[in-house]
Every structure is written in C-alpha cells, then in structure tokens.
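Note sheet for the following structure.
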Amino acid sequence: MREDLLSVSYQSDAVKPQAEAFARQHQLTLTSPEQASTPLLLHYSEDFVELRDRDESTAIHVDFLKGDMAHRKQFGGGRGQSIAKAIGLKSGVQPPSVLDATAGLARDAYVLASLGCAITMLEQSPVVAELVQQAIDRASENADFQLIQQQGFKLINDNAIHYMQQLAEHEKPDVVYLDPMFPERKKSAQVKKNMQILQKLLGHGDDIESLLDIALSCALKRVVVKRPKGAPCIGEHKPSMAIETKKMRYDVYVNAAMKAA
Ligand SMILES: C[S@@+](CC[C@H](N)C(=O)[O-])C[C@H]1O[C@@H](n2cnc3c(N)ncnc32)[C@H](O)[C@@H]1O
C-alpha cells in the first residue's frame, strides 16, 4: 500500500489498538489527524472508521444501522427493486446465495442481504475491506443485524479472480454479482463523493473481462453485472437479458433456472 497516499489516525485510546494493528500490518504511518501529510487518512473513531480525503475535506464510512443504508433496507422497495429482479428473486423462489465479487462499500450486498440472500463479499482493497469489516464488527451487537449475519453476511479481503478460481464445486454460489468501478456514472452528490475517494485510493482499473469469464464458470444460476446506463456490455459475452432503471442497467447472464421455494 502506498505510504505517500494514505496514513492512519485514531480518536481515542479505545480504538488505538485497531488503528495501530492496521498501520503495522500495511506499513503505514500512524499519525494524528492534525499532523497527517498524506492526501488520504484512515481515521478510527469509536462510532466508525472513515476514509478522509484531506484535499476535498470529505470522508466516507460504512454504517449498517444508520443513514442511507438503514433507510434503503427499510424503504427500498423489497423484492420489487430492480436489483432483486436482476438476481432472480421473486415470489415462490428461494433467495439465492450471492457472491458479491466487487463488494466496495457493501451497499448493494446489504440490500441483497436485507432481502434474505446469504452473501459472501469479496473486496481486494485492504482499506475498503477494513471500512466494511469495522462496520460489521460495530453493528454485530444489534439484534436485527445478528439475524442478517446468521443468514450469511461475511467479508473476505481477497482478489475475486483468485478466490473464484480455487472454489470447490460444493462452495459455488447461485449468483455472482459484479459492480466494477466506473468514473462519474451516478449523479447524487453522496455517490459522487464515495466514487471520487474510492478512485483516488484504487484508480479506475478493474479486470472486468476476466472477472466476468471466471464468474460465468463459478455461478450455478446466473451472473449479474451492474453497468451505467448506455455503457457497452462487458467483453464478448451477450447477456440473456437486461434490467434497466433510470440511472443504470443490470446485465443478467443466466446459467440455469432459480430453485422453487
Ligand atoms: C464500484 S465498487 C463496488 C460498489 C458496491 N457495489 C457497493 O454497493 O458499495 C467496486 C469495488 O470492487 C473492488 N474490486 C475490483 N476488482 C476486484 C477484484 N478482482 N476482486 C475483489 N474486489 C475487486 C474494488 O476494489 C472496489 O472497491
């Protein structure tokens, strides 16, 4: 990880050991927010861990219990949502197991988990994975969140290509979900802010064609790729169908029909 891009800080002694452990593991400077000199700062507070963009004075964090993730869980439209249709969730069908191979800030994964799917999330960036894992740890005292965890909601910090290549037959998920990085594809200020910080941290390059190839050989039922509206499909494979919303499109590659409940 680039020491000139990112450093680590903490708010209080209660979270100092976690901040120290992350900084040590990734050979990053542990500093105070006032003395930080890198463009990005991973800051541990008692409520959450946030990634700050010091140049833009913005920050992102993950919180499964408050804010727009909790709001979308409660009011997002249940199985009527396009993402639910894309993964094949409809009445009379058992919620599929989903491998979210590009987990990012786990927003989509949490929507799918809230709809009853068992989710495994893969995230290659240790920093993004830390934002999500710390949010999971902090939410895990909450009874509703515990139900989601019991049904299956876990994060693995690994490259999805590597992970999917070594999956045994009995470990294969029903659905692989892919949401590759794409610059400036959404209009809301919040999403733009998330994307700008992630792009500063990660750059733009996903190996999406290889991801799709391996996902197609790994998904028992289907692969879903989230695309900006109007963007071309990925590589040579033709989707079986596409589900469009106002701002985006889900390309669906069907391998087999979903199981009846
Ligand atoms: C656009 S974000 C996903 C946002 C996510 N759907 C959400 O709702 O928050 C894409 C993420 O995929 C991750 N990613 C890209 N290629 C990957 C790979 N091969 N393995 C694991 N993660 C990957 C990036 O690090 C980035 O965090």
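The values are calculated or read from the model by the stated rules, or taken from the named source; none is laboratory data. Values in this document were obtained by computation on a predicted structure and should not be read as measured data. Cβ sites come from the backbone with ideal geometry, for glycine too, and all protein chains shown count toward neighbours. Remember, those area values only see protein heavy atoms, side chains included, never the ligands or the DNA or RNA. Shrake-Rupley method; radii C 1.70, N 1.55, O 1.52, S 1.80 Å.
Brief remarks follow.
- For HIS237, HIS26, the ranking by accessible surface with the largest value first comes to HIS237, HIS26, using a 1.4 Å probe.
- Listed pairs LYS90/LYS229; LYS192/LYS259; LYS66/LYS221; LYS16/LYS154; LYS226/LYS259; LYS172/LYS246 exceeding 27 Å between Cα atoms: LYS192/LYS259; LYS66/LYS221; LYS172/LYS246
- Orientation-averaged projected area, Cα convex hull of the range 118-261 (nm²): 10.1
- Sequence-separation-based contact order of the chain, relative, with Cα cut under 8 Å and 6+ spacing, percent: 16
- ³J(HN,Hα), Karplus 6.51/-1.76/1.60, whole Hz, each residue of the range 2-8, x for Gly, Pro: 7, 5, 7, 9, 9, 10, 10
- Just so you know, the Rg over Rh for the range 1-92 is 1.17, from Cα atoms, with Rh as the Kirkwood radius.
- Centre separation in Å (Cα based) which lies between the range 33-63 and the range 109-163: 21
- Where ARG107, ARG24 fall by accessible area, highest first, once all protein chains stay in place (1.4 Å): ARG24, ARG107
- The Cβ shell under 15 Å around SER37 holds other residues with a net charge of -2, Lys and Arg each +1, Asp and Glu each -1.
- The relative contact order of the range 82-196, computed from alpha carbon pairs under 8 Å that lie at least 6 residues apart in sequence, is 31 percent.
- Per residue, the convex hull spanned by the Cα atoms of the chain measures out at 131 cubic angstrom.
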